[in-house]
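*Asks:* This is the structure I have questions about; it appears just below.
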Amino acid sequence: LFDGAYVYGFDECEGEFYSGMRKMYLDLKRDFPDLPVMTTARTFNDFCNGLRKVSDDLIVADWFCGSMGTYRTETADAVRQRGCKAWWYTSLGPTYPKMNFANWEYPFIEGRLVLGCCTWLYRTDGFLFWHCNNWKGGRGALLDFSSDTFFPEFNTYGSQGCPGDGVFLYPGQGRILPSIRLANIRDGEEDWECLHLAELKAGRDAVERIVRTAVRSKEDFSRSHAELQAVRRRIFDLVDEQ
């Protein structure tokens, strides 16, 4: 499993933790030089917001993961020039009408938008989400939809007013039950794979012209299923032409 392993820590920590993070990560790299380390500490956000410069004393992780709301492509490129990767994540934010899928009150298609066109458009190296089966309340409850569809004992209300946060799967009788949001996340991953394949065959510029008909940026995008399906069909046509 080593090829797929990494160390993750200092979750969303502020500047007062940076020196401790540096010491711990340097010690880890000394003992395990081939094991990547990743952080969602505010370092990358600080870079994006211009609060700190991309400098050697702060480049202590192999993968930096910043929030989607503050992510800047030029900052990610500066981090990559130093041999690192730049991921992004969503959590409680961004909030509607910006793009996110943490909250089940948001349009379900946003899971597809984030994982597909938007992640491809901003050239992020990976996407992080904190949980997929955060069954806080009613942990012993197994949902049996053959008898009912209302389970008040199963609490999926996330922290800080974000219902459904961290719950994309449900414990069913003898099986795990997927959600509509998870299906959209899957569709988004498939979209990304299609875009990546098209980029390899036709070049990034040709693909980007098609993507931007529906997703101009992470703040300017369409929630229309028909428009996304039209993008996907045009991408398939582009691949077939090569």
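*Asks:* Among DSSP beta bridges whose residues both lie in the chain, state the antiparallel percentage, nearest 5.
*Replies:* Values: 6 of 19 bridges.
Of all bridge pairs located within the chain, approximately 30 percent are antiparallel.
*Asks:* Let's see if you can work this out: charge +1 on each Lys and Arg Cβ, -1 on each Asp and Glu Cβ, no other charges. What is the dipole magnitude of the chain about its Cα centre, in debye to the nearest 20?
*Replies:* Here the size comes out at about 300 debye.
*Asks:* Moving on. For the residue pair residue 16 and residue 56, what label-to-label distance in nm results when each label sits 7 Å from Cα along the Cα-to-beta-carbon direction?
*Replies:* Going from the residue 16 label point to the residue 56 one covers 3.0 nm.
*Asks:* Would you tally the net charge around residue 61, using a Cβ to Cβ cut-off of less than 12 Å, leaving residue 61 out, and scoring K and R as +1, D and E as -1?
*Replies:* +3
*Asks:* Additional query: Give the ranking of 88, 104 by solvent-accessible surface, highest area first, calculated with a 1.4 Å probe. Write out the running numbers ahead of the final one.
*Replies:* Numbers: 88 0, 104 80 Å².
My answer, sorted largest first, is 104, 88.
*Asks:* Provide the gained length on full extension for the span residue 151 to residue 196, in nm with one decimal, where the gain is 0.36 nm per separating residue minus the Cα-Cα distance.
*Replies:* Net length gain for the segment: 12.1 nm.
*Asks:* Can you give the longest stretch of the chain with no exposed loop site, where a site means GluC sites (Glu not before Pro) in a DSSP loop (not H, G, I, E or B) with at most 13 other C-beta atoms within 10 Å?
*Replies:* The longest uninterrupted stretch comes out as 15-104.
*Asks:* Using a 1.4 Å probe, what is the accessible area per residue for the chain, in Å²?
*Replies:* 53
*Asks:* What shape does the stretch 73-186 take by its C-alpha gyration tensor, where a ≥ b ≥ c are the square roots of the eigenvalues and a/c under 1.5 counts as rounded, a/b above b/c as prolate, and the rest as oblate?
*Replies:* prolate
*Asks:* How much accessible area does residue 35 have with a 1.4 Å probe, in Å² rounded to the nearest 10?
*Replies:* Ignoring ligands and nucleic acids, residue 35 comes out at about 30 Å².
*Asks:* Accessible surface of residue 175 in the full protein assembly, 1.4 angstrom probe, to the nearest 10 Å²?
*Replies:* We get 150 Å² for residue 175.
*Asks:* Using 0.36 nm times the number of residues separating residue 233 and residue 212, minus their current alpha carbon distance, what extension gain do you get? The partial results should precede the final answer.
*Replies:* On the way: separation 21, 0.36 × 21 = 7.56 nm, distance 1.43 nm.
Between residue 233 and residue 212, full extension yields 6.1 nm more.
*Asks:* Give me the log10 of I(q) over I(0) for the stretch 34-127 at q = 0.18 Å⁻¹, as the Debye formula computes it from C-alpha points; what are the numbers?
*Replies:* Evaluating at q = 0.18 Å⁻¹ gives log10 I(q)/I(0) of -0.78.
*Asks:* From the phi angles alone, apply the Karplus equation (6.51, -1.76, 1.60; θ = phi - 60°) to the stretch 94-99 and give each ³J(HN,Hα) in whole Hz, x where the residue is Gly or Pro.
*Replies:* So the Karplus estimates, Gly and Pro as x, are x, 9, 4, x, 6, 7 Hz.
*Asks:* With 26 Å as the cut-off, how large is the P(r) tail for the stretch 111-242, expressed as percent of Cα-Cα pairs?
*Replies:* Taking all Cα-Cα pairs of the stretch 111-242, the fraction more than 26 Å apart is 38 percent.
*Asks:* Then there is this: Quick one: net charge around residue 132, please, counting Lys, Arg +1 and Asp, Glu -1 for every other residue with C-beta under 14 Å from its C-beta.
*Replies:* So the surrounding residues net to +1.
*Asks:* Next up: Select one label from [x] 40; [y] 28; [z] 32: the one whose number is percent of Cα pairs over 33 Å apart as derived from the coordinates shown.
*Replies:* [y]
*Asks:* Can I ask one more? Using a 1.4 Å probe on the protein heavy atoms, what percent of the accessible area of the stretch 1-125 belongs to carbon and sulfur?
*Replies:* Heavy-atom surface of the stretch 1-125 belonging to carbon and sulfur, 1.4 Å probe: 53 percent.
*Asks:* Could I ask something else about it? Would you compute, from DSSP H runs of 4+ residues alone, the mean residue ellipticity of the chain at 222 nm, taking -39500 (n - 2.57) per run and dividing by the full residue count, rounded to the nearest 500?
*Replies:* -10500 deg cm²/dmol
*Asks:* Hey, can you list the DSSP H helices of the chain whose Cα span along the axis is 18 Å or longer and whose average Kyte-Doolittle score is at least -0.5?
*Replies:* Passing helices, by number: 180-202, 225-241.
*Asks:* What's the extension gain from residue 26 to residue 123 if we count 0.36 nm per residue and subtract their Cα-Cα distance?
*Replies:* Contour length minus Cα-Cα distance gives 32.2 nm.
*Asks:* I would also like to ask the following. What's the center-to-center distance, using Cα atoms, between the stretch 191-240 and the stretch 82-131 in Å?
*Replies:* 17
The values are calculated or read from the model by the stated rules, or taken from the named source; none is laboratory data. Nothing here was measured: the structure is a model prediction, and the numbers come from that model. Cβ atoms come from the backbone with ideal geometry, glycine included; neighbour counts cover every protein chain shown. Keep in mind that these areas ignore ligands, DNA and RNA; they rest on the heavy atoms of the full protein, side chains included. Shrake-Rupley method; radii C 1.70, N 1.55, O 1.52, S 1.80 Å.
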